[in-house]
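Participant: Pasting a structure below so you can have a look.
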Amino acid sequence: MADKKTLTFAIMDPPYENPRTTTVLRLVDLAVKRGYDVNVFAYEGAVNVPFAKQTPHANAVHGRDVEQEDHPNPKDWVAALYKEAEKRGSKIDWVQCGLCVDERGAGEFIAGPRRGSPADFVKFAEESDNTLVIPTK
Amino acid sequence: MAKKILNVIESAYRATLEEQDDTIVWLTHAMKGAGADLGVLLRGNAVNYAVKGQDASGLSFGERKQTQPPRLDEDLGKLLPKGVKVMLVQEDVSERGIETSQLIGGVELVARASLPKLFGGYDMVWHW
């Protein structure tokens, strides 16, 4: 598509900490559904959003077993976004800040995201129609 | 005899979609189950947890749908029959335009000016 637009999101927050993680994934979901290509630069704690070893659990306080609880892991949300993009003919390029990954021992992330550096973020910003930074507060 | 602990919850809606609950309300349930003597005081934006009929359903990413959205008002209400007193700072409720009729039953409103006396009735006060 000649007029296909690209949006870049920079995110910083780790999963399970605040609503910004969910918000950015909702924005990516909408962008993909509306036909945009999306870049994500995951910086600092955000490299743990697609961490592969996230595991759903039962919840005794809720009185639900693991299946009933259907506990969402953000890595599954990221995987669902990739599937949605494929279905819609859009592309997600999710870059994990490599040094941030190393600091956290977070090298095992799901298929889709790739290791990169701030240089990728520069390239994203240069080549995108717009860039939204959602920083840690 | 167990020490009396007051959980003051101020951080509101922090990762409630991912956790499918509020982490400190959840922790209060879990600690109560382990024998703790607890009370809860909601302040700031967290007073909204006591508003009846909140609906966080409908979240989805691609085809991945959330089936168990957080039910914060219900989770809070379930503390009451366990013997956990749930209180709200009255001014924080009124400043947000929340009517008392909108709140779940069984919660108590406490004025800011009475907080020192309230805190004095507990062995430990934890501000979350």
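Each value in this text was obtained by applying a stated rule to the coordinates, not by laboratory testing. The shown structure was predicted, so the numbers you read here are calculated from the model rather than taken from an experiment. No Cβ is skipped: glycine too gets one built from the backbone with ideal geometry, and neighbour counts run over all protein chains shown.
Participant: Would you list B:Val40, A:Val133, B:Val107 from fewest to most Cβ contacts within 10 Å?
Facilitator: Details: B:Val40 25, A:Val133 13, B:Val107 22.
Placing the least packed residue first, the sequence is A:Val133, B:Val107, B:Val40.
Participant: Rounded to the nearest 10 degrees, what's the angle between the helix A:74-88 long axis and the longest principal axis of chain A, both from Cα atoms, 0 to 90?
Facilitator: The two axes meet at around 40 degrees.
Participant: Normalised by the residues of chain A, what does the relative contact order come to in percent, with Cα pairs under 8 Å and at least six apart?
Facilitator: Numbers: 243 pairs, mean separation 48.1, N = 137.
For chain A, the relative contact order is 35 percent.
Participant: Report, in whole Å, the centroid distance computed from the Cα atoms of the range B:50-128 and the range B:1-39.
Facilitator: Cα centroid to Cα centroid, the span is 11 Å.
Participant: Please give me the summed charge of the neighbours of A:Phe109: other residues whose Cβ is under 13 Å from its Cβ, Lys and Arg +1, Asp and Glu -1. List each step's numbers first, then the result.
Facilitator: Working: positive: A:Lys53, A:Lys75, A:Arg104, A:Arg114, A:Arg115; negative: A:Asp76, A:Asp102, A:Glu108.
After counting each charged neighbour, the total is +2.
Participant: To continue, here is another question. Could you size up the charge dipole of the protein assembly as shown around its Cα centre, putting +1 on the beta carbon of Lys and Arg and -1 on that of Asp and Glu, and report it in debye to the nearest 20? Please report the intermediate quantities before stating the final value.
Facilitator: Details: 33 positive and 38 negative charges, 40 e Å.
Here the protein assembly as shown has a charge dipole of around 200 debye.
Participant: Let me ask something else. For chain A, take the alpha-carbon Rg, divide it by the Kirkwood Rh, and send me Rg/Rh.
Facilitator: On the way: Rg = 15.3 Å, Rh = 15.4 Å.
Result: Rg/Rh = 0.99.
Participant: What order do you get for B:His127, A:His62, A:His71 when you list them from fewest to most C-beta neighbours inside 10 Å? Kindly include the intermediate steps, with their values, before the conclusion.
Facilitator: On the way: B:His127 11, A:His62 19, A:His71 22.
Lowest count first: B:His127, A:His62, A:His71.
Participant: Neighbour counts of other C-beta atoms within 10 Å: give me A:Trp94, B:Trp26 arranged from fewest to most. Working shown, then result.
Facilitator: Values: A:Trp94 24, B:Trp26 18.
In order of increasing Cβ crowding within 10 Å: B:Trp26, A:Trp94.
Participant: Consider a paramagnetic label point 7 Å from the Cα of A:Lys5 along Cα→Cβ; state which residues of the range A:68-107 have an amide N under 16 Å from it.
Facilitator: Output list for this probe position: A:90-91.
Participant: Go ahead and run the numbers for FRET between A:Glu126 and B:Ala56, Cβ-Cβ distance against an R0 of 30 Å, rounding to 0.05. Mind showing how you got there, number by number?
Facilitator: Working: r = 38 Å, r/R0 = 1.27.
Here the calculated transfer efficiency is 0.20.
Participant: Would you mind giving the mean number of other chain beta-carbons within 10 Å of the Cβ of each residue in B:116-123, as a whole number? Write down the numbers at each step before the final one.
Facilitator: On the way: counts 0, 0, 0, 0, 0, 0, 0, 0.
Across the residues of B:116-123, the mean count of other-chain Cβ atoms within 10 Å is 0.
Participant: Distance from a point 7 Å along Cα→Cβ of A:Lys33 to each backbone N in the range B:65-90: keep the residues under 13 Å and list them by number.
Facilitator: Residues B:65-66 qualify, since their backbone N sits under 13 Å from the label point.
Participant: Need the list of lysines near B:Lys32 for cross-linking: C-alpha distance under 27 angstrom, and skip anything on the same chain fewer than eight residues off.
Facilitator: By straight Cα distance, B:Lys32 reaches B:Lys3, B:Lys4, B:Lys52, B:Lys78, B:Lys82, B:Lys85, B:Lys117.
Participant: Compare B:Lys52, B:Lys65, B:Lys32 in a GNM of chain B, Cα atoms joined below 10 Å, and give the one with the largest fluctuation.
Facilitator: Maximum fluctuation in the GNM of chain B, among the listed residues, is at B:Lys65.
Participant: Highest GNM mean-square fluctuation, chain A, Cα pairs closer than 10 Å: which of A:Ala58, A:Ala79, A:Ala111?
Facilitator: A:Ala58
Participant: Any chance you could give the angle, 0 to 90 degrees and rounded to 10, that helix B:23-33 forms with the longest Cα principal axis of chain B?
Facilitator: 60 degrees
Participant: Output needed for chain B: three equivalent-ellipsoid semi-axes, defined as square roots of 5 times the C-alpha gyration tensor eigenvalues, in descending order, whole Å. Mind showing how you got there, number by number?
Facilitator: On the way: eigenvalues 132, 65, 28 Å².
Taking √(5λ) for each eigenvalue gives 26, 18, 12 Å, largest first.
Participant: Based on alpha-carbon positions alone, could you give the equivalent ellipsoid semi-axes of the protein assembly as shown from the gyration tensor, as √(5λ), descending, whole Å? Walk me through the numbers before you get to the answer.
Facilitator: On the way: eigenvalues 316, 70, 65 Å².
After scaling each eigenvalue by five and taking roots: 40, 19, 18 Å.
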